[in-house]
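One structure below.
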Amino acid sequence: MPSRTDNGVGVQVEDTKICVVMVGLPARGKSYIAQIAQRYLQWLSVPAQTFNVGNYRRNDAPQPPADFFDTNNAEGERKRRAAAEAAVADMLAWFRTGGVVAILDATNSTKERRRWVNDICVQHGIEVLFVESKCDDQDIIMANIRDVKSTSPDYRGHDPEAAVQDFLNRISKYEKIYKTIDQDGDEDEYTYLKIMNIGKQVIINRIQDYLQSRIVYYLMNLHIRPRSVWLSRHGESMYNLDGRIGGDTLLSPRGEQYARKLPDLVRESVGDNRPLTVWTSTLKRTIATSRFLPLHYNQLQWKALDELDSGVCDGLTYQEIKDRYPDDFAARDEDKYNYRYRGGESYRDVVIRLEPIIMELERSEDILIVTHQAVLRCIYAYFMKKDQAKSPWMNIPLHTLIKLTPRAYGTEEIRYEANIPAVSTWRGKGSTAKHENPTPESL
Ligand code: ATP
Ligand code: F6P
């Protein structure tokens, strides 16, 4: 009997193994897509790992000129083949340690190379999902080259303009042999997603199971238009003052001050003329915090943004929880990410219910999210690639606006303090303090 494991998206599945095989000419965003897919899957606790063939090749050929990539260059061919074999060998070893989704990041631009990867995977019981990025928009390609290629390790120490020329030359070597998936009509049996010009058009072929369909749906929603996501907790609430969790109380007087100041903070960060959409939870404290924001901002309430449900512990202080449910209190400290309150939720549950929010965020432009401590920790962990076991211990203070701007390789962060005092609702392991200063590791 195959073992049954949780695939991280809340569904029990036969132990799936998927190899996502990237396809496309250089500078088509393959590594970008690979790292974003890995981040999404790891956030869902799906063991996911990218194997970048270029990194293996660099061991043997750190800064090869464009001619290295010419198929008539026997030495280049041999080294590139060896790099691909080493990456695939490591990938197979990783699957044996419990890996679920591997992403093989290379151009895989010929039918022969795709057949080779496919056959190895099939022999090892691994499903293959080809993900091709096709792009013929010269402006995007040139921007990609200038943005990330001319500063890649392949050109470290080189003149940037010479690097751009060499890279264009490299692309032309690939163009001679590149075939888009199923160009000749004989790759129709493969499972694939073909993304054209960053999602203007997509082709989906033979998607087989739930996890594959999640990955495909996620990748279809990505865009690279510049945008930011602003995050804020609600203003200090009456329960925050009392050190009580959950509930649906209104703002304290200082929380009210924050609500009145939020429009200025937002204006300072967003600017006057940029359209912004505001998402809140359905609880009074986030709605109250957003009520002075400009009327021309669209506002939307999401149940999925409500605070982690603390079940029978709703409305209690940490001391009361420890007194009434000592075993639960200890169990939560032991594994805070997975601990589910009696009749309530765990952080893992929150992540699963936030998945539609993440999908919508990926499709959207500028968004301000006003929500709660646990929910913000989960969203922040997604953008900043925080380890899920550590994310429930992060300090996300009250009365602070956080601006996150996704870039090609990572997310930039700026924090704006409202300078309105508020209690700290952060709690260290073992503590039952009502208000406690965060430790440096939690920042
Ligand atoms: P190489 O084969 O040389 O490794 P690559 O295809 O992996 O190239 P990336 O390094 O991922 O290319 O390129 C990153 C750039 O691609 C970023 O600037 C990113 O904004 C952009 N990008 C992301 N998605 C796409 C897409 N679907 N099509 C084109 N460009 C994209
Ligand atoms: O040219 C881009 C690149 O990412 C190289 O860095 C890497 O060596 C190569 O593609 C990997 O793909 P392939 O298997 O087609 O050589």
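Which of the residues spanning the stretch 87-102 are open to solvent by less than 30 Å² (accessible area, probe 1.4 Å) and not β-branched (V, I, T)?
A87, M91, L92, F95, G99, A102
Within the stretch 284-310, how many residues turn out to be touching a residue at least 24 places away in the same chain (Cβ under 8 Å) and open to solvent by 60 Å² or more (accessible area, probe 1.4 Å)?
4
What number of residues in the stretch 138-159 are within 11 Å of ligand 1 (Cβ to nearest atom), under 14 Å from P26 (Cβ atoms) and assigned to a loop (DSSP other than H, G, I, E, B)?
Counting residues in the stretch 138-159 that are within 11 Å of ligand 1 (Cβ to nearest atom), under 14 Å from P26 (Cβ atoms) and assigned to a loop (DSSP other than H, G, I, E, B) gives 1.
For the stretch 161-171, what are the residues that are touching a helix residue (DSSP H, G or I) at 6+ places or on another chain (Cβ under 8 Å) and either of a type outside the set (A, V, I, L, M, F, W, C) or in a loop (DSSP other than H, G, I, E, B) (or both)?
Listed by number, the residues that qualify are D166, N169, R170.
Counting just the residues of the stretch 337-373 that are touching a Ser or Thr at 6+ places or on another chain (Cβ under 9 Å) and part of a helix (DSSP H, G or I), which one comes out most open to solvent (accessible area, probe 1.4 Å)?
Per the criteria, the residue is R348.
Checking the conditions here, which among R244, R233, R227, R260 is open to solvent by 30 Å² or more (accessible area, probe 1.4 Å) and either out of contact with any strand residue (DSSP E or B) (no Cβ under 6 Å at 6 or more places or on another chain) or of a type in the set (G, A, S) (or both)?
So the residue among R244, R233, R227, R260 that is open to solvent by 30 Å² or more (accessible area, probe 1.4 Å) and either out of contact with any strand residue (DSSP E or B) (no Cβ under 6 Å at 6 or more places or on another chain) or of a type in the set (G, A, S) (or both) is R260.
All but one of (1) at pLDDT below 95; (2) under 23 Å from V370 (Cα atoms); (3) hydrophobic (A, V, I, L, M, F, W, C) hold for I224; state the number of the condition that does not hold.
Tallying (1) at pLDDT below 95; (2) under 23 Å from V370 (Cα atoms); (3) hydrophobic (A, V, I, L, M, F, W, C), I224 fails exactly one: (2).
With the requirement that a residue be away from ligand 2 (no atom under 12 Å from the Cβ), among the β-branched types (V, I, T) and outside any helix (DSSP H, G or I), what does the stretch 21-49 give you?
Within the stretch 21-49, V46 is the sole residue that qualifies.
Which ones in the stretch 385-443 are of a type in the set (A, V, I, L, M, F, W, C), open to solvent by less than 30 Å² (accessible area, probe 1.4 Å) and more than 26 Å from the chain's Cα centre (by Cα)?
Those that are of a type in the set (A, V, I, L, M, F, W, C), open to solvent by less than 30 Å² (accessible area, probe 1.4 Å) and more than 26 Å from the chain's Cα centre (by Cα): A418, I420, V423.
Yes/no matrix, rows are residues, columns are (1) touching a strand residue (DSSP E or B) at 6+ places or on another chain (Cβ under 8 Å); (2) in a loop (DSSP other than H, G, I, E, B); (3) open to solvent by 40 Å² or more (accessible area, probe 1.4 Å); (4) over 30 Å from P392 (Cβ atoms):
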site	(1), (2), (3), (4)
N55	no, no, yes, yes
E85	no, no, yes, yes
L104	yes, no, no, yes
E112	no, no, yes, yes
I120	no, no, no, yes
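The values are calculated or read from the model by the stated rules, or taken from the named source; none is laboratory data. Since the structure is predicted, the reported quantities are computational estimates derived from the model, not experimental observations. Don't worry about glycine lacking a Cβ; one is built from the backbone with ideal geometry, like all the others, and counts go over all protein chains shown. These accessible areas exclude ligands, DNA and RNA; they are computed on the full protein's heavy atoms, side chains included. Shrake-Rupley method; radii C 1.70, N 1.55, O 1.52, S 1.80 Å.
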